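The values are calculated or read from the model by the stated rules, or taken from the named source; none is laboratory data. Here the structure is a predicted model, which means the values were calculated and not measured. All Cβ positions, even for glycine, are placed from backbone atoms using ideal geometry, and neighbour counts span all protein chains on display. Side chains included, ligands, DNA and RNA excluded: accessible areas come from the protein's heavy atoms. Shrake-Rupley method; radii C 1.70, N 1.55, O 1.52, S 1.80 Å.
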Amino acid sequence: MEITQALINEIRLLGSDCYLMELLVPGIAEKAKPGQFVELKTVPQGYFDPLLARPISIYKINKAAGTIALIFKVVGRGTTLLAGYQKGEILEVFGPIGNGFVIPEAVNAIALVAGGIGMPPLFSLAESERQRNYTLFYGARNQRDLIELQEWERLNVPVVIATDDGSLGYHGLITEPLLKQINAQKVQFIVACGPKPMLRAVQKIALENNIPGLLSLESHMACGVGACLGCTCNTKAGYKRVCVDGPVFGMDEVNFDD
Ligand SMILES: Cc1cc2nc3c(=O)[nH]c(=O)nc-3n(C[C@H](O)[C@H](O)[C@H](O)COP(=O)(O)OP(=O)(O)OC[C@H]3O[C@@H](n4cnc5c(N)ncnc54)[C@H](O)[C@@H]3O)c2cc1C
Ligand code: FES
């Protein structure tokens, strides 16, 4: 992991309060793996309010260009400050952090399940391991929250959409079309990232149908380096830190009920 002053190559609004930010960070890009994240300091060097950096997943990795791209949704003070940065400005970044996705070689038919802003790390996986067969199951509150669909099209990954309000795709929860695909025996492995209720529902379906997989968790973070224990989650093997033991856990590892 390294701390670096990153040049902002690009920042633009994607829609529904989501921004895409591309950073020139050759050291981080060189080491980054799909499923990992970076911590962004939201104020310039020398300023300390807010003190804590904000964790954001890596959406795209371009090792040749030395860049990574991130997508963040504006939800509070830190992400509002991030949205105010301009192309050409400098941002303090540290990473890459976390374990990333590791999928067994033999697995081919993979269901990627994204809830809202959980989509970006799944894209970096599909883009870096293109030899596998993916289907993206993408659930969101409404059509405006479904972002970067053209990028999935570019990868030739079929996308199954579900929206809470029925504005696009299936009207309901994304787990319903997922279950249909599982019943058609078209899923060997599941990788999911999104809000906790969605992850809990995906875990239940996967365990009931004996399908292995991975869950990428979000949790409130403080230090981001494993020292403060502020991000722990309950697992079969006791409490683990989402920042350094995760954010990716085995499908049957996490106890959501505690
Ligand atoms: C490993 C990891 C990867 C992440 N990847 C992304 C990403 O790719 N894109 C993205 O938009 N967001 C991502 N997040 C969430 C992001 O870090 C938070 O939205 C951000 O830190 C909020 O900062 P803020 O100061 O704007 O909001 P705050 O003012 O701190 O909080 C605003 C609201 O957001 C809630 N919130 C804050 N942090 C989290 C969190 N970690 N999980 C759930 N709710 C939270 C608070 O409870 C509050 O309701 C990730 C979080 C983790 C832990
Ligand atoms: S955020 Fe401090 S241990 Fe994970």
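Accessible surface for the range 7-93, divided over its residues, is 45 Å² per residue with a 1.4 Å probe. Magnitude of the charge dipole for the chain, about its Cα centre and with charges confined to Cβ atoms of Lys, Arg (+1) and Asp, Glu (-1), is about 120 debye. Relative to its residue count, the range 109-217 spans a Cα convex hull of 88 Å³ per residue. Once a ≥ b ≥ c are taken as the square roots of the eigenvalues of the Cα gyration tensor of the range 44-96, is the result rounded (a/c under 1.5), prolate (a/b larger than b/c) or oblate (a/b not larger than b/c)? Cα axes put the range 44-96 in the prolate bin.
Here the range 158-207 is treated with +1 on each Lys and Arg Cβ and -1 on each Asp and Glu Cβ, and its dipole about the Cα centre works out to around 240 debye. Cysteine residues of the chain whose C-beta has no other cysteine C-beta under 4.7 angstrom: Cys18, Cys193, Cys231, Cys233, Cys243.
With the simple model of a label 7 Å out from the Cα in the direction of the Cβ, Glu2 to Lys204 spans 4.6 nm. Quick one: with all protein chains in place, what share of the accessible area of the chain is carbon or sulfur, to the nearest percent (1.4 Å probe)? Using a 1.4 Å probe with all protein chains present, the chain comes out at 52 percent carbon and sulfur. Which one of Ala83, Phe48, Ile68 is farthest out on the positive end of the charge dipole of the range 2-97, using unit charges on Cβ (Lys, Arg +1; Asp, Glu -1) and the Cα centre as origin? Positive-end residue among those listed: Ile68. Here the range 2-97 is assigned +1 on the Cβ of each Lys and Arg and -1 on the Cβ of each Asp and Glu. Its dipole about the Cα centre then comes out at about 240 debye. When a/c is below 1.5 the answer is rounded, else prolate if a/b is larger than b/c, else oblate, so apply that to the chain with a ≥ b ≥ c taken from the square roots of the Cα gyration tensor eigenvalues. Prolate shape, in that a/c is at least 1.5 and a/b is the bigger ratio. Pairs with C-alpha atoms separated by more than 27 Å, drawn from the list Lys180/Lys240; Lys31/Lys180; Lys33/Lys240; Lys60/Lys236, are Lys180/Lys240; Lys31/Lys180; Lys60/Lys236.
For the peptides 220-232, 64-76, 114-126, 190-202, the ranking by mean Cβ contacts within 10 Å, running from highest to lowest, is 114-126, 190-202, 64-76, 220-232. A dipole drawn for the chain from +1 and -1 charges on Cβ atoms has a positive end, and of Tyr19, Ala201, Val160 the residue lying farthest that way is Val160.
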